[in-house]
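Student: Here it is: the structure, laid out below.
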Amino acid sequence: MTFAGRGMGHSSAHRKPCFLAVRLCQVTSPLVSVPISKSGQREPRAPTSSDPRVYMMPTCLLPFPVIRSLKLLCASLQRQGFHTAGGHYKGRTGAEHLWLTRHLKDPFVKAAKVESYRCRSAFKLLEVNERHQILRPGLRVLDCGAAPGAWSQVAVQRVNAAGTDPGAPVGFVLGVDLLHIFPLEGATFLCPADVTDPRTFQRIRELLPGGRADVILSDMAPNATGIRGLDHDRLISLCLSLLDLAPDTLCPGGTFLCKTWAGSQSHRLQKRLTEEFQNTKTVKPEASRKESSEVYFLATQYRRGKGSVKA
Ligand SMILES: C[S@@+](CC[C@H](N)C(=O)[O-])C[C@H]1O[C@@H](n2cnc3c(N)ncnc32)[C@H](O)[C@@H]1O
C-alpha cells in the first residue's frame, strides 16, 4: 500500500487541492482502505489484491489528526513491506533515498515479491531451516516479533500448520508482535502484544497446544535508537527475557533461534544458551546483509523444559 499525491500538507493552504491517494496492492487492510471513487461515491465492493486501484479522497474532508494517523499508519505499513509502487523517491532525504535504492535492487526483496513472502527476512529462516532442519511437519512454533509475518509464512509451510499436506502431521504456528499482523491461513496471531509482558506470556501458554512450543523463533528487534551499544544491549535483554520464559514454554529437546546484533553483551546470551541447550551455533544467513551486525544464535536440544518431546 502506498500513499501518493500531494495530500500530506499540514497548513490549510495546502489542504485545499489535496487528495489522499490510497493504492492497495498486495494486502488490503480494513483499517486503511477507503474505497471512495473519484466522483466521491463510496465503492460498493471491497478492493482485492488483484485490484490495485488508486482511491482518491479529498483530504480537506478529513480532520488533521485523521490525516496524521493515516500517514503514520501508512509509514508503519510501508516499513513492514506493504508498500508497492509509485512516487518512491518523492520528498525523501538522502539517507532514505539510498536505503530505497538498495532496497529496490535487493535480490531478496525481488524474490520475496515473486514468492509472495511478506518481506525478505523469509529467506533468512528458509536458509537456516535448509541447513539445520529445525522445522518439520507437526511441530508447534512460537514466532516472536512476527510482524509482518514472513517467518510465520515459512513456519506454516514447513510445519504443515494449514494442513496443506493431508499425509503429514499438522503443526501449529503462533506469532506475537507489538504491531498488528494481517491474518495468515494456518497461523494464530497474538497482537498487539509485548512478549515480555506477563499477560502475553499467559496467553501464549493458553494458545499453544499443550501449553508448549517445540521451536521458539525470535526475529525481534527493538526500535533502533541509532546508538549501536544501546540497541545491542536492548536486543540482548529482549532475548534473555525470552529465554527466561523457556522453562515454561519450550519442550525438552526444543529449539531456540534468536536474532542479535553483535556486541559486547553477546557473550551473556551465548553463555546462557550453552548452559541450557546441548548445541549452540552462530549463523549468518546470506539474506542477512553483510554490513549489518545482525547474527542469529541457533540453540538446539533444550535441557530444561517440562513436558514431552515430539518424535
Ligand atoms: C525484524 S521485525 C520481524 C520480521 C518477521 N520475522 C518477519 O519475517 O516478518 C522485528 C519485529 O519485532 C517486534 N518486536 C520488538 N520488540 C517486541 C516485543 N517486546 N514484543 C513483541 N514484538 C516485538 C517489532 O514490532 C517488529 O515487528
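Read-outs: derived from the displayed coordinates by stated rules, not from any lab. Everything quoted here is computed from the prediction, not taken from an experiment. No Cβ is skipped: glycine too gets one built from the backbone with ideal geometry, and neighbour counts run over all protein chains shown.
Student: For Cα pairs less than 8 Å apart in space and 6+ apart in sequence, what is the mean separation divided by the residue count of region 231-285, i.e. the relative contact order in percent?
Tutor: 44
Student: Short version: ³J(HN,Hα) in whole Hz for each residue of region 126-140, in order, from phi by Karplus 6.51 cos²θ - 1.76 cosθ + 1.60 (θ = phi - 60°), x for Gly and Pro, what are they?
Tutor: Values, residue by residue: 4, 5, 4, 5, 4, 7, 10, 6, 8, 10, 8, x, x, 7, 9 Hz.
Student: Moving on. Could you give the spread of the C-alpha atoms of region 93-210 along their three principal axes, from largest to smallest, in whole angstroms?
Tutor: On the principal axes, region 93-210 reaches 50, 36, 24 Å in Cα extent.
Student: Is region 211-311 rounded, prolate or oblate when judged by the Cα gyration tensor, a ≥ b ≥ c being the square roots of its eigenvalues, rounded requiring a/c under 1.5 and prolate requiring a/b larger than b/c?
Tutor: prolate
Student: Residue by residue, what Karplus-based ³J(HN,Hα) values in Hz, rounded to whole numbers, does region 223-239 have, using 6.51, -1.76 and 1.60 with θ = phi - 60° and x for Gly and Pro?
Tutor: 4, 6, 8, x, 8, 3, x, 5, 4, 4, 4, 5, 5, 5, 4, 4, 5
Student: Next question. Return the distance in nm (one decimal) between the two label points of a simple spin-label model at GLU185 and ARG199, each offset 7 Å from Cα along Cα→Cβ.
Tutor: Using points 7 Å along Cα→Cβ, the separation is 3.3 nm.
Student: Amide H to amide H under 5 Å from VAL173: which residues, 5+ apart in sequence or cross-chain, H placed 1.01 Å off N in plane?
Tutor: Answer set, sorted by chain and number: VAL141, THR188.
Student: Find out how many positive minus negative residues lie around THR164, taking Lys and Arg as positive, Asp and Glu as negative, among other residues whose Cβ is under 13 Å from that of THR164. Show your work: numbers first, answer last.
Tutor: Details: positive: ARG158; negative: ASP165, GLU185.
So the surrounding residues net to -1.
Student: Still on this structure, please answer the following. Could you tally the net charge around LEU142, taking each other residue with its Cβ under 11 Å from the Cβ of LEU142, Lys/Arg +1 and Asp/Glu -1? If you can, show how the numbers build up before the last one.
Tutor: Working: positive: ARG140, ARG205, ARG212; negative: ASP143, ASP214.
Cβ neighbours under 11 Å give a net charge of +1.
Student: First check a/c for region 84-153, with a ≥ b ≥ c the square roots of the eigenvalues of its C-alpha gyration tensor; if it is under 1.5, answer rounded, and if not, answer prolate when a/b is larger than b/c or oblate otherwise.
Tutor: prolate
Student: Next question, about the same structure. What pairs from LYS105/LYS281; LYS105/LYS271; LYS113/LYS284; LYS113/LYS290; LYS110/LYS290 go past 27 Å between their alpha carbons?
Tutor: LYS105/LYS281; LYS105/LYS271
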